[in-house]
Structures are given as structure tokens and as C-alpha cells.
1. What single numbered condition from (1) touching a residue at least 24 places away in the same chain (Cβ under 8 Å); (2) small (Gly, Ala, Ser); (3) closer than 21 Å to Ile208 by Cβ fails to hold for Ser263?
2. Is it true that Phe175 is outside the structural domain of Ile56 (by TED's automatic domain parsing) and either over 14 Å from Thr53 (Cα atoms) or not basic (Lys, Arg) (or both)?
3. Looking at the stretch 242-265, is at least one residue of a type in the set (Lys, Arg), surrounded by 17 or more Cβ atoms within 10 Å (Cβ to Cβ), under 15 Å from the mean Cα position of the chain (by Cα) and in a helix (DSSP H, G or I)?
4. Looking at Thr257, Thr305 in this structure, which one is of a type in the set (Val, Ile, Thr) and closer than 29 Å to Pro67 by Cα?
5. Please go through (1) part of a strand (DSSP E or B); (2) under 27 Å from the mean Cα position of the chain (by Cα) for Gly47 and return the number of the only condition it doesn't satisfy.
6. Suppose the filter is over 26 Å from the mean Cα position of the chain (by Cα) and not in a loop (DSSP other than H, G, I, E, B); does Glu88 pass it?
7. Restricting attention to the stretch 85-100, does a residue exist that is crowded, with 16+ Cβ neighbours inside 10 Å, farther than 22 Å from Phe289 by Cβ, in contact with a helix residue (DSSP H, G or I) (Cβ under 9 Å, 6 or more places away or on another chain) and not hydrophobic (A, V, I, L, M, F, W, C)?
8. Taking interchain pairs and intrachain pairs at least six residues apart, which have beta carbon atoms under 7 angstrom, with the first residue in the stretch 118-129 and in the same structural domain as Lys60 (by TED's automatic domain parsing) and of a type in the set (A, V, I, L, M) and the second part of a loop (DSSP other than H, G, I, E, B) and surrounded by 12 or more Cβ atoms within 10 Å (Cβ to Cβ)?
Amino acid sequence: MRINLSKTRDIFLLLMLNLMLSAALLFAGQALVNIKAAVDKSVITIGDRITYTLTIEHAKGIQIKQPGPGANLGMFEIKDYKIYDPVEKDGLISQKFEYQISVFDTGHFVIPPFPIAYAASDTSRQFQIIQSEPIKIYVKSVLTAEDHEIHDIKAPLTIPYNYRRLALFIAAGVFLLLAAVLLYYIVKRRKQGAPLFRREVIRPAHEIALAEIAALQERWENLIADGQIKRLFTELSDILRRYLENRFFVPAREETTAEILQSLQELELNSGVREQVAALLNLADAVKFARYRPNRAETDGALTTLLNIVETTKLVFETVERAVPVEEDDTGRSGTVPEKTG
């Protein structure tokens, strides 16, 4: 059997080249992206909170998939989280993520390695995964050794004084006093010819919304100048949700954007209005949760869209004419006269 030495050598060189390329890519990934995980304490008692910190460092131009609030931290529950702004230092971009976590069991636990996806450029779709180191946590019980000991039976307690009768007398006295005050109030209001209770006028939903929009417009320029875009869009979204709830009787303040749009579709609301509602709510969600920074035209356009939604869908009260009978005139004729009511 003959062995082609030239062909064998070529195959060997090709394998060596692949190994060198793989090692180079691995080294480049480690140099381009680095992830560190840390906790403020590794020994806690049950129910305590731990601050779990992720720090991601990467070179400029590297695309990073940021971790979110739904991260998988094993047995630990995420109670709160905070994302810090990226910081550039020594040619690297560093960003920190903090999670407030807790666990409601005792024993030894491990925060699993945290995976981060990254790509070599902003336009690349070939992502690689890098993980942090796992972190061990020990959770102690709040019970002490003394709590587990068997103690003697406590001595019998003396029968306490029965305060129930005293409490009943006090309650009866308070009730009689309140009844006397109420009777005095009723008599006084009747002598004054005033109603017993004030009547509150229920304002239409669009009047409330327009008043809130006018109040926001007075602070509009100041909010933009102070860079409080997130607060501005939060107030825009809240005004719209309150208006939709008061106008169309949908629980807009408790629903997500998708649920609100589904509720409006079931009401057979005009498609153009639904599109405006969807555009405004989606833009507000992007600003509040995705840290999107709209330009001035988008910001002012959001206010215009909100005003248009309210003006387009507000209740319009029409004047209704009804016939009112009139007495006979000198000619002996009688009839009706239309009366306008609104």
C-alpha cells in the first residue's frame, strides 16, 4: 500500500493552520470583550438582599447584547436592577449593571455564569458568547441553636381584666357624640336652605385631558432644557392612558401597550386613531424602557399627536329640539314652540 506523502503533508499543514486560526480568534475575543461578576457579600441570612454587579469592558466598535431585567440567576430572584451609562477609559468602553437579588432558602447556592453575546462590529450578525465566573453564596438560617432547644412549659397566665365592657361604653359614647354632631349639621344646613352634601360636577374625559396637556405645555421647554425627556414622555403616556380609560372605559393604566390596542380594536375605533395611539405609546415605551433619545421634532410631534387623539375622539354634545306647548292666543289657536336643550 502506497502513501502519498505530499498529500499527507498538505492535510497536516491545513490542520495546523485551522488550529492557529482558532487560537487567534479565541485570543482576539478575550482581548475585545471582558466580563467581570462580583457580589457585595457572599454570606447572608435568608431573605437578605445581595448586590450582584456585572462589569463589561469591550473595545470600540464591538456590538454588545446588553443583559436585561429578566436575566437567569439560578435560584435567586431579581428584586431591582440598575444600568449605568457607559464610560470610556484607556480606549475601552466599560459599562456596569447592578442587580438586587435575594433567595428564600438556606444552604449553599451558586450564581451561574452570566452569558454575554457580542459581535465584532455594529453591523455583524455573527455573535459569540462570553461568560462570567460563577459565584458561590452561603445562606444561613435566622434561627439560633437556642431556638431549637426544648424549653419548659410556661407558667399559667392570670386572667386579664375584661376591657370589653369598657370599650363598648366608650364606643357607644363616641357614636352618640357623632350622631349629635350630624344632627346639628343637618339642622343647620336646612335652616340655611343649602343641600346636605355638595354636588360634584363630573367633567368629560377630554376636558380633564386637555387641562393636563395645558399644564404639561407650561413645563414643556423647561423639561427639554433640563434633559428630562424620560419624565416628559412618562407624563404624555400617563395622560393618554387616563384619557382612554375615562373615555372608552378600558383599564388602560393597568394594561400593556399591546393590550390597550387590542381593547381599542374590539371597540371598533377608527383605524387612524388606533395608529396614532400605537405610535405614541410605542415611542413612549422606547424612551422609558429602551433609553431611546428622540429628536426635537419627534418630541414636539408626540404632543401634537396626543392633542389630535383627544380632539378626534372627544364626546360632542349636540343640541336637541323639543316641542313645548303654548297657550291659546287671541285668535283661539294653540300649538307648540321648539325649545333647544343641550
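The values are calculated or read from the model by the stated rules, or taken from the named source; none is laboratory data. Computed from a predicted model, the values in this text were never measured in an experiment. Please note: Cβ atoms are built from the backbone with ideal geometry, for glycine as well, and neighbour counts cover all protein chains shown.
1. Every condition holds for Ser263 apart from (1).
2. yes
3. No, that holds for no residue.
4. When all the criteria are applied, what remains is Thr257.
5. Failing condition for Gly47: (1).
6. yes
7. no
8. That search, which allows pairs on different chains as well, returns Ala119/Phe127; Ala120/Ile62.
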